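Chemist: What follows is a structure written as structure tokens; I'll ask about it next.
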Amino acid sequence: MGDIWAGIAAAFRLIITADADLVEISLRSLQVTLSALVIACAIALPLGTFLAIQRFRYRRTVIAVLNALMGLPPVVVGLIVYILLSRSGPFGVLGLLFTPTAMIIAQVIIITPLIASVTHQAMRDLWAEYHDLLISLNTGKLQRVGTLILDGRRSLLTAALAGFGRAIGEVGAIMIVGGNIEHQTRVLTTAIALETGRGDFALALGLGFVLIALALAVNLATHYLGRTESEGRW
Amino acid sequence: MKLLLAIFLSCCATLAQADALKLAVTTSFQNSGLAEVLLPAIAEDTGIDVQLLVVGTGQALRLGEAGDVDAILVHSKAAEDAFVAAGYGTGRTEIMYNDFVLIGPEDDPADISAADTAGAALRAIAELQAPFVSRGDDSGTHRKEVSLWSGIGIDPGGDWYRPVGAGMGAALNTASGMGAYILADRASWLNFANKGDLALLFSGDPVLFNQYAYIPVSPERHPSVAHDLALQLKGWLTGPRAQELIDGYTIDGQQLFTFNAAPAAPG
């Protein structure tokens, strides 16, 4: 129990003194995760919506696979991305290993299935409602996907926040592909793992509370800016 | 979208600095705190920005073999010699040594503090079947532990022998939690904050000396490695400034590392 109080104290000390290292790794955490989130959303939102409105032969299989991929073990994703980006791997010439880019790639792979699955669920219900209208207006595929994404934006926000949550707290994959290099690829989660390894539980916990606060702040800011739960049902 | 992604990726790739050198080091080196003394001095003297990848010796050697790092600093002589012999590295340079120590619960049920040699201490633990945490991660520390066991003809196994497959700090946390014996390097132990009921029980047997060596990754295998920088760093690590900093690094008044690099060859 004493460790937890020490952790809270450490978190306050780090935040109040605006510790330079803390600011740096927190910003890098946000940078990596938000970049991954933007890319993953760009793939997953249209994909999930498309799966909801389009009927094709292996649709069920694709959806089942997508759902299963939600549980992708990050450490395995990390290892695969490592092997691909390694100097002796197929993409070695790009020199991306142990850079924030490598971490973004790993996180995109981890959260895209999650966002696509949640999107698909939400869009399926919305599509049932919009089906007759959109068909009768003789809309094209792209228009339908666009309309559903626009009108279902609140559900999609939830999907995106779920992806954000999984990515910001992830450590297994980015430890392998990022390498936890100080001033290069160290983020909050890998710093926590490092301090735990050093037996400095207070600092590790302090960083942990900062991470939780960061996730909360992003979620609250999103809800506030999107004025969720305050008007209309969209 | 693909275009955007491609632009984004290429931007990130060009951000890599020209004078950066990726060095794979062992967890025991990083946990000792010596890196925080050496890296700023290296940057000051040579302008090299050393980026540390902190992994076990096994993984460090793999990173070197794959050409993902420019040099490695590890402590497992047999594996290092094999690495160089296989053409992955361009020569092994001994830099410094520290020593391993046996840590255990303060009340010392196996009475290893009275042992004459490290082998006798381990034998006492095995005979009592007192809990023993092993790194179990193919690191230099783990390899040393395995060689100590085989040196006394014991193949440890059973409930009391617990390989955790983790770094030095995590393994020490585990030992602290279960009141177990563990082999650790002195530097990690002194720097470790969560000592709990553990205490340093046995040290000083010459077999426990732990030699660190520096190996630049061969540019013949991997033309992309920063071999010139790696050689420049080797010069610095074997030079007088490194000696002064390494020998002068203490925790609680104890010197952790002893510099023993041969003077750099002239020219």
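No lab work stands behind these numbers, since they all come straight from the coordinates. This structure is a prediction, so every number in the text was calculated from the model and none was measured. Every residue, glycine among them, receives a Cβ derived from its backbone with ideal geometry; neighbour counts consider all protein chains shown.
Chemist: For the pair A:Gln143/A:Val75, report the inter-label distance in nm, with labels modelled 7 Å from Cα in the Cβ direction.
Modeler: 5.2
Chemist: Still on this structure: Specify which residue in the list A:Gly172, A:Ala159, A:Asn219 is farthest towards the positive end of the charge dipole of the stretch A:108-234, using unit charges on the beta carbon of Lys, Arg (+1) and Asp, Glu (-1), about the Cα centre.
Modeler: A:Ala159
Chemist: List the aspartates and glutamates whose Cα lies under 18 Å from the Cα of A:Lys141, skipping any in the same chain that are fewer than 8 positions away.
Modeler: A:Asp125, A:Glu129, A:Asp132, A:Asp151
Chemist: Using only Cα atoms, locate the centre of the stretch B:55-86 and the centre of the stretch A:98-147, then give the distance between them in Å, rounded to an integer.
Modeler: If you average the Cα positions of each part, the centres end up 45 Å apart.
Chemist: Now, a different point. Of B:Met96, A:Gly2, B:Leu34, which is farthest towards the positive pole of the protein assembly as shown's charge dipole, taken about the Cα centre with +1 and -1 on the beta-carbons of Lys, Arg and Asp, Glu respectively?
Modeler: Ranked along the dipole, the leading option is A:Gly2.
Chemist: Go through B:Lys22/B:Lys77; B:Lys144/B:Lys195; B:Lys77/B:Lys195 and tell me which ones have a Cα-Cα distance over 25 Å in this structure. Intermediate values should be presented prior to the final figure.
Modeler: Working: B:Lys22/B:Lys77 21 Å; B:Lys144/B:Lys195 22 Å; B:Lys77/B:Lys195 30 Å.
In this structure, B:Lys77/B:Lys195 exceed 25 Å between Cα atoms.
Chemist: So if we plug the beta-carbon distance of B:Tyr97 and A:Ala9 into 1/(1 + (r/R0)^6) with R0 = 51 Å, what FRET efficiency do we get, rounded to 0.05?
Modeler: Values: r = 38 Å, r/R0 = 0.75.
The calculated FRET efficiency here is 0.85.
Chemist: Follow-up question, since we're still on this one. Distance in nm between label sites at B:Ile251 and B:Asp45, each 7 Å beyond Cα in the beta-carbon direction?
Modeler: 2.3
Chemist: Right, another one. Counting only the backbone N, which residues of the stretch B:50-92 are under 15 Å from the spot 7 Å out from the Cα of B:Glu220 toward its beta-carbon?
Modeler: B:83-92
Chemist: Give me the percent relative contact order of the stretch B:100-207, please, defined on Cα pairs under 8 angstrom at least 6 residues apart. Show your work: numbers first, answer last.
Modeler: Working: 173 pairs, mean separation 48.8, N = 108.
About 45 percent, as a whole number.
Chemist: With unit charges on the beta carbon (Lys/Arg positive, Asp/Glu negative), name the residue among A:Ala44, A:Leu126, B:Pro206 whose Cα is farthest towards the positive pole of the charge dipole of the protein assembly as shown.
Modeler: Farthest along the dipole direction, towards plus: A:Leu126.
Chemist: Tell me, what is the percent relative contact order of the stretch A:98-167, built from C-alpha pairs under 8 Å that lie six or more residues apart?
Modeler: Values: 31 pairs, mean separation 39.0, N = 70.
Relative CO of the stretch A:98-167 lands at 56 percent.
Chemist: Another question, if that's okay. Do the sum for chain B: with -39,500 (n - 2.57) for every DSSP H run of n ≥ 4, divided by all residues, what is the mean residue ellipticity at 222 nm, to the nearest 500 deg cm²/dmol?
Modeler: Values: 11 runs with 109 residues, N = 267.
Calculated from helices alone, the mean residue ellipticity at 222 nm is -12000 deg cm²/dmol.
Chemist: Tally the DSSP beta bridges in the protein assembly as shown and give the antiparallel ones as a percent, rounded to 5. Mind dumping the intermediate values first?
Modeler: Details: 23 of 38 bridges.
Once the DSSP bridges in the protein assembly as shown are tallied, antiparallel ones form about 60 percent.
Chemist: Just the number, please: percent antiparallel of the DSSP beta bridges in chain B, rounded to the nearest 5. Please list the in-between numbers first.
Modeler: Working: 23 of 38 bridges.
Of those bridges, close to 60 percent are antiparallel.
Chemist: On to the next question. Quick check: from the Cα gyration tensor, does chain A come out rounded (a/c under 1.5), prolate or oblate?
Modeler: Oblate is the answer for chain A, as a/c is 1.5 or above yet b/c matches or exceeds a/b.
Chemist: Between A:Leu133 and A:Phe91, 0.36 nm times their residue separation minus their Cα-Cα distance comes to what? Kindly include the intermediate steps, with their values, before the conclusion.
Modeler: Working: separation 42, 0.36 × 42 = 15.12 nm, distance 4.70 nm.
Separation in residues times 0.36 nm, less the Cα-Cα distance, equals 10.4 nm.
Chemist: Related question: If amide hydrogens are placed 1.01 Å from N in the peptide plane, which non-local residues have theirs closer than 5 Å to the one on B:Ser134?
Modeler: Close amide H contacts, sequence-distant or interchain: B:Arg162, B:Val164.
Chemist: What is the spin-label model distance, in nm, from B:Lys77 to B:Leu200 if the labels are put 7 Å beyond Cα along the C-beta direction?
Modeler: The two pseudo-label positions are separated by 2.3 nm.
Chemist: Related question: Give the distance, in whole Å, between the Cα centre of the stretch B:136-212 and the Cα centre of the stretch A:1-24.
Modeler: Cα centroid to Cα centroid, the span is 31 Å.
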